[in-house]
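Asker: Sharing a structure here in structure tokens format.
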Amino acid sequence: MLASGLHALLAMMRMQPDSEFSGAPVPAAAVPVAIELSDASVTFGRGDRAVPALSKTTLRIADGEFVALVGPSGCGKSTILRLASGLVQPTTGVVIVGGREVAARALRVGMAFQNPTMLPWMTIERNIMLPLKIVEPFRSQFRKLRKTEFRDKANALLEQVGLKGFGSRYPWQLSGGMLQRANLCRALIHEPRMLLLDEPFGALDQFTREELWSILQELWMTHRATVLLVTHDLREAAFLASRICVMSARPGRIVDDSPVTFSRPRTVAMTFEPDFVALNQKLRTFIVDARSAPAEGA
């Protein structure tokens, strides 16, 4: 698992920047599209062994949006994430990222997995700086700035997530929640235009998870990257996202796409208010119906 997670992380880091990301919210008509799936479907294998993972799906995500994907297990949420990253190619349809097909477009991307996949022989500080060693324009400056500007950049992010003074520690010296905070720092240090999050808090206890929601919200409000979050936690989706897309059972498709209008910054206390609970119940109903509905084409 460590090897596969690290392989995907390195693939993300090798994507180079095309242009500087402004990230500032602008009127809807003028917002450029960051990610667009147009009738994109994915089938793994061929012939009798073909497994349809994603039905034809159309989805548009604007620059600076925070979109959450929810749905039953195996519905294709992570497949959409991999399509956006270029790790998986669509069987049919087109995936556009930053205005061009994803395979032809080089972008600066950050990614956080459910497991932090920190390299155990490196300090937390050096783990966080790993993207700077791989991604241009930082790569060409790494040897010169790794002990000054880049190290300061890593420690500034650590302080922002409540880990001031932990840069010299090793991964095995930190708790799971602390490692996931450091994981977010590593995903953001190279100033990505797009942040892909695959169940980043799924392995944590409820209290740690809620604490990290607030930290991620603050990071998004500060950096304004385009975020695509895969999660099974409906409260997490409603707390963090500006839009929530509900997916049906495999082969997945989007059955609801709704904005989340709660004011920011959001608090954990807000998640127990009637309007918030009503949204969670609405999402739950969609997912229950999606699980019981017959598969498309059955």
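The values are calculated or read from the model by the stated rules, or taken from the named source; none is laboratory data. Keep in mind it's a predicted model, so treat the numbers as computed, not measured. We place every Cβ from the backbone using ideal geometry, glycine too, and count neighbours over all the protein chains shown. These area figures cover heavy atoms from the full protein model, side chains too; ligands, DNA and RNA do not enter into them. Shrake-Rupley method; radii C 1.70, N 1.55, O 1.52, S 1.80 Å.
Asker: Please indicate, with yes or no, whether at least one residue in region 251-268 is under 30 Å from Leu188 (Cα atoms) and without any contact (Cβ under 8 Å) to a residue 12 or more places away in the chain. Before you say what the answer is, go through the steps one by one.
Answerer: So the first thing to find is which residues in region 251-268 are under 30 Å from Leu188 (Cα atoms), and the list is 252-254, 256-268.
So of that shortlist, the ones also without any contact (Cβ under 8 Å) to a residue 12 or more places away in the chain come out as 261, 263.
Looking for residues that are under 30 Å from Leu188 (Cα atoms) and without any contact (Cβ under 8 Å) to a residue 12 or more places away in the chain, one finds at least one in region 251-268, hence yes.
Asker: Among the residues of region 197-204, is there at least one that is more than 30 Å from Ser258 (Cα to Cα) and either under 11 Å from the mean Cα position of the chain (by Cα) or touching a residue at least 60 places away in the same chain (Cβ under 8 Å) (or both)?
Answerer: Of the residues in region 197-204, the ones more than 30 Å from Ser258 (Cα to Cα) are none.
Within region 197-204, none of the residues are more than 30 Å from Ser258 (Cα to Cα) and either under 11 Å from the mean Cα position of the chain (by Cα) or touching a residue at least 60 places away in the same chain (Cβ under 8 Å) (or both).
Asker: In region 145-160, how many residues are small (Gly, Ala, Ser) and surrounded by 15 or more Cβ atoms within 10 Å (Cβ to Cβ)? Break it down stepwise before answering.
Answerer: Narrowing region 145-160 to residues small (Gly, Ala, Ser): 154, 156.
This time we only want the ones that are surrounded by 15 or more Cβ atoms within 10 Å (Cβ to Cβ), so: 154.
The number of residues fulfilling the criteria is 1.
Asker: Would you mind listing the helices (runs of 4 or more DSSP H) fully within region 161-277 where at least 2 residues are at pLDDT 90 or above and open to solvent by 20 Å² or more (accessible area, probe 1.4 Å)?
Answerer: Values: elements: 176-188, 206-223, 234-240.
Helices (runs of 4 or more DSSP H) meeting the threshold: 176-188, 206-223.
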